[in-house]
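Below is one structure, written out as structure tokens; the observations come after it.
The values are calculated or read from the model by the stated rules, or taken from the named source; none is laboratory data. Note that the coordinates shown come from a computational prediction; the quantities given were computed from them, not determined experimentally. Note: ideal-geometry Cβ built from the backbone for every residue, glycine included; neighbour counts use all protein chains shown. Note: areas computed on protein heavy atoms with side chains; ligands, DNA, RNA excluded. Shrake-Rupley method; radii C 1.70, N 1.55, O 1.52, S 1.80 Å.
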Amino acid sequence: MKLAVPDMISNSYFPAIAAIELGCFNQEGLDISLELIYPVDKCYAALRDGTVDFVGGSAHSALSAFPRWHGAKLLCAQGQGMYWFLVMHRDLGGKRGDLDVVKGHSIGAAPWVDMGLRRLLIEAGIDLSRDQVKIAPVPGAQGAGVNFGVTAAKALEERKIDGFWANGMGTEVAVRRGVGTVVLDVRRGDGPKPCFNYTMASIATTDRLIERSPETAAAVVRAMVRTQAALKENVARASEVGRKLFPPSEAELIAELIRRDLPYYDPSISRSFVAGMNQFSRDVGILAGDVPYESIVATQFSHLWKVG
């Protein structure tokens, strides 16, 4: 079986990657390999088309391939909260929480990821047209195998963009290189309150897999719970994974990034999260009406979230 993620040299989907590399899927009797498919909507298209079996990506992006959630379910969370950072070039003098710095500037963001930033800025009172904020793909991020956050940090350094909206790895690289300033860290309280529940890093699969093999879906949830517990118990295991898959410089950073994320390692998907995600999805025009919690979350496995 195959699990797709849209970015690999990153902390965003690290629990899914670590579940493979630390053997947690194997311990549940599963043989799952990793596929890097960028951007995230292509991950979900592959899930819909049956070329992958699971997606470890942003939860709301399932709507790109499964309108009104028909045919897909979320199994568990990789981590709570919207997990992207707004980073602006240091020369712009941005301060933490001061969104005026985006006015008149270009910000790089991946497809479907950009929706979170657009909605956040609108809720914060920024008019994208009036304030001349350009949000567009990062130059050079379209190639197969590209890792978005690291690519965004490089584009910022080269002044191809004025800022980016991306993962913690890209953020850390930009800050350490002295070219980026963190303006928003949503997980840790920045931005309008509703934006925490716009999306989360989740594990999704199809209704047909759940119907055909519920024991497989249950085993995936148990493996993810096991993985989160293993990283909480010994965060140095993140470096073990990083050294296998990442370039040396990023491999040295990953354990610290995961240490910061550990408070958000909770596999549960709450009703309040789904309500917030649905509202966000309506606001950005990817969902009409409402969809019940039970039509989005595979609740038959929810008792496994607290196991381990």
Which listed residue, of Ser270, Ser249, is open to solvent by 40 Å² or more (accessible area, probe 1.4 Å) and modelled with pLDDT of 95 or more: Ser270
message: Being in contact with a Phe, Trp or Tyr (Cβ under 7 Å, 6 or more places away or on another chain) and either open to solvent by less than 10 Å² (accessible area, probe 1.4 Å) or not acidic (Asp, Glu) (or both): is that true of Cys43 here?
response: no
- request: Could you tell me whether any residue of the stretch 40-51 is of a type in the set (Ser, Thr, Tyr) and under 30 Å from Glu252 (Cβ atoms)?
  value: no
query: Within the group Asp31, Asp7, which residue is modelled with pLDDT under 95 and either touching a strand residue (DSSP E or B) at 6+ places or on another chain (Cβ under 8 Å) or more than 28 Å from Glu172 (Cα to Cα) (or both)?
result: Asp7
query: Just one of Leu63, Leu30 is aliphatic (A, V, I, L, M), closer than 21 Å to Ala223 by Cβ and over 13 Å from the mean Cα position of the chain (by Cα); which is it?
result: Leu30
message: Yes or no: the stretch 133-149 includes at least one residue that is without any contact (Cβ under 8 Å) to a residue 40 or more places away in the chain, among the basic types (Lys, Arg) and over 15 Å from Ile107 (Cβ atoms).
response: no
- request: Please note which strands (runs of 3 or more DSSP E) are completely contained in the stretch 75-171 and include at least 2 residues that are crowded, with 22+ Cβ neighbours inside 10 Å.
  value: 85-89, 106-109, 163-166
